[in-house]
Every structure is written in C-alpha cells, then in structure tokens.
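Just below is one structure, and these are the notes that go with it.
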Amino acid sequence: MPFTLPSRTPSGPRRRSLLAGAAGAAAGSALLVGCSGSDSASGTTSGSSSAAARARARAARDSEQLARRYEAVLAAHPALDARLSPLLAEVVRHAEAFGGGKRAKPSTGASASASPTASSPSASGSPEVPVMEKDARGELAAAERALADRRMKALADVPGELARLLASVAAAGAAHAFLLTEDKK
C-alpha cells in the first residue's frame, strides 16, 4: 500500500486576501463617519467632549493643510494629476469627515499656472514644492506618514467614534504614503 501525503490547504487567509482587505479598508476610510456609537453612553463628560471637539478640529485643519500641499504639488507638476488627484480627493473627504470646511471639487494641475521650476512659496502661502517630481512625491509621503503617526498617538485621548475615524484615516494616510513612494514606470 503506497503512502500518500494529505493535501495541505493553507489555514487562514492568504496574503493577497489580507492585502486586498487592507487596501479596501484604507480606500473606504471615509465610510466610518456613519458609525453610530454613542459617546455619552460610554461616560464622556463635557470636558472630554470639548477635548474631542478640539481633536476633531485639529484633524480637520491637518487634512486641509495636507490638501493644500497636494494642490501645490499638482500646480507645480501637472503630469502627476492622474496619480495625485485620487489621493487629494481622499484627503478632502477626510477633512470633511472631521467637520472641516466643505470644499469644491479639488483643483487639478491641468489648470495651474505655476511653473515646475518654481520652488518658493507663492504669495498665497502655498508650501514649497521641489523641482523634481520624485522629490515632491517623497515630501507628500513624508507629510502623510507624519500626520498618520500623530493621529495614531492621539487615539488614546479621544472617545470611541472619533478614535475609530482617526485610526481609519491614519491607515489611509499610511497607504497614501506607500502609493506615493511606489515607482510606477
């Protein structure tokens, strides 16, 4: 009687399944806004709700500042439009999810008048943009990572629903940083 090995089916999810799930979670981060956990049921007080309001306002401002960075890079490097516009749209949705200013559809680099060689801030206070596209993407990635790190550190100080939103947006920021540093050629 010949000896046969039993077939081995991997136990648990495969790596592709996990990566696809993580990418989907990052892309759909704005969906967590609809979570309906009641912070009053968890025992928050007016002091902690004002701290949560401050944290929410700061997160909105941070996302708005990041959106301005994306717009400055798009103005200086219109060739990055296809790559950066979806990420900019996500950042704008994040700002709105935190209660930030409702903005019109993000502007793209196609209508920009800035030259790719302009690396100094404009009169409107736009951030400096490196001359090289790769450097500009690298700075955006660094900004995304730094903001994601700050948001992760803030999780312990905010109530449940806001913590979930911060975590989700931080995960999206980390995914953006990866996409910005990935070479596509």
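The values are calculated or read from the model by the stated rules, or taken from the named source; none is laboratory data. Computed from a prediction, not measured in an experiment: that's the story for all the values here. Methodologically, a virtual Cβ is constructed for each residue, glycine included, from the backbone with ideal geometry; neighbour enumeration extends over all protein chains shown. Remember, those area values only see protein heavy atoms, side chains included, never the ligands or the DNA or RNA. Shrake-Rupley method; radii C 1.70, N 1.55, O 1.52, S 1.80 Å.
Residues ARG137, ARG145: which one is of a type in the set (Lys, Arg), more than 15 Å from GLU71 (Cα to Cα), touching a residue at least 12 places away in the same chain (Cβ under 8 Å) and in a helix (DSSP H, G or I)? If you could, list the steps in order and put the result at the bottom.
Values: ARG137 fails: more than 15 Å from GLU71 (Cα to Cα).
Answer to the check: ARG145.
Kindly indicate the residue of region 65-104 that is part of a loop (DSSP other than H, G, I, E, B) and open to solvent by 20 Å² or more (accessible area, probe 1.4 Å) and also modelled with the highest pLDDT among those meeting that condition. Lay out the reasoning, then the answer.
Residues of region 65-104 that are part of a loop (DSSP other than H, G, I, E, B), as a first pass: 77, 98-104.
Next cut, open to solvent by 20 Å² or more (accessible area, probe 1.4 Å) only: 99, 101-104.
Numbers: GLY99: 91, GLY101: 69, LYS102: 61, ARG103: 54, ALA104: 44.
Looking at the filtered set, the residue picked out is GLY99.
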>> Exactly one condition in (1) surrounded by 14 or more Cβ atoms within 10 Å (Cβ to Cβ); (2) modelled with pLDDT of 90 or more is false for SER107; which is it?
In response: (2)
> Taking the stated definitions as given, is ALA174 among the aliphatic types (A, V, I, L, M), in a helix (DSSP H, G or I), open to solvent by 20 Å² or more (accessible area, probe 1.4 Å) and at pLDDT 95 or above?
Replying inline: yes
>> Residues to consider are GLU133, GLU144, GLU139; find the one that is within 28 Å of ALA82 (Cβ to Cβ) and modelled with pLDDT under 95.
In response: GLU133
